[in-house]
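Computed from the coordinates by the stated procedures, all read-outs in this text should not be read as laboratory data. Quick caveat, the model's predicted, so the values are computed rather than measured. Cβ: placed from backbone, ideal geometry, glycine included. Neighbour counts: every protein chain shown.
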Amino acid sequence: MVSNQIRYPGRRFAERLTIVLCLLFWTPTANAVDFELLDLDGNRHRLSEFLGKWVVINFWATWCGPCLKEIPELIAFQSRHESEVVVLGVNFEDRPVSDVKEFVASFGINYLVLRTGGEPLTPFEPLKGLPSTFLVSPEAEYLDVVLGAVTAIELEDLVARHRDPTPQSAKTD
């Protein structure tokens with residue numbers, strides 16, 4: 001072990017620096033990118049339009065079974081919290097806009113549906129699977145991700161946990 005330190009004196013520093021950089025870039029605490037995507041009518045929307053509100057960004061597709069299961073939950077969540085939260089459904093498939101519009105209408109989706117663009121939405125993509133749901137704070141900070149279908153109650157808990165990050169045990173003291 002001594003010979004490794006002599007041969008590679010900067011190795012320990014390089015390893016620690018690598019770990020720190022990975023943690024900085026892979027933990028959901030970096031500011032969200034101010035992306036711009038088109039809605040189903042061709043209108044441009046930017047993440048920065050929603051500063052001051054919590055933003056739930058849900059990547060989904062019409063062929064995704066768990067996505068279909070969570071759509072009513074997202075609808076309910078948006079209805080109950082529309083004054084403080086914006087749900088953005090990002091349709092993650094290459095399908096004609098008319099088909100997606102028909103799908104959205106048939107499900108009664110009450111939140112803004114956007115189409116994926118040509119470039120990955122850092123730090124949200126590449127996705128690990130569908131559905132993927134991300135939480136962005138009112139200050140535009142990327143806070144959390146949920147892989148798989150979510151419920152309205154899980155989303156409420158997620159927002160509450162990040163709204164007041166004080167642990168419950170500290171509140172009882």
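For this structure, a couple of remarks:
- Anisotropy class of the stretch 31-171 from Cα gyration tensor, a/c 1.5 cut: prolate
- Which of 48, 98 has the fewest Cβ neighbours within 10 Å, and the rest in rising order: 98, 48
- Neighbour net charge for residue 75 - beta-carbon separation under 13 angstrom, K R +1, D E -1: -1
- Cβ crowding within 10 Å, taken as a proxy for footprinting-reagent exposure, orders 112, 135, 155 from fewest neighbours to most as 112, 135, 155.
- Fewest-first ranking of 81, 162, using other Cβ atoms within 10 Å as the exposure measure: 162, 81
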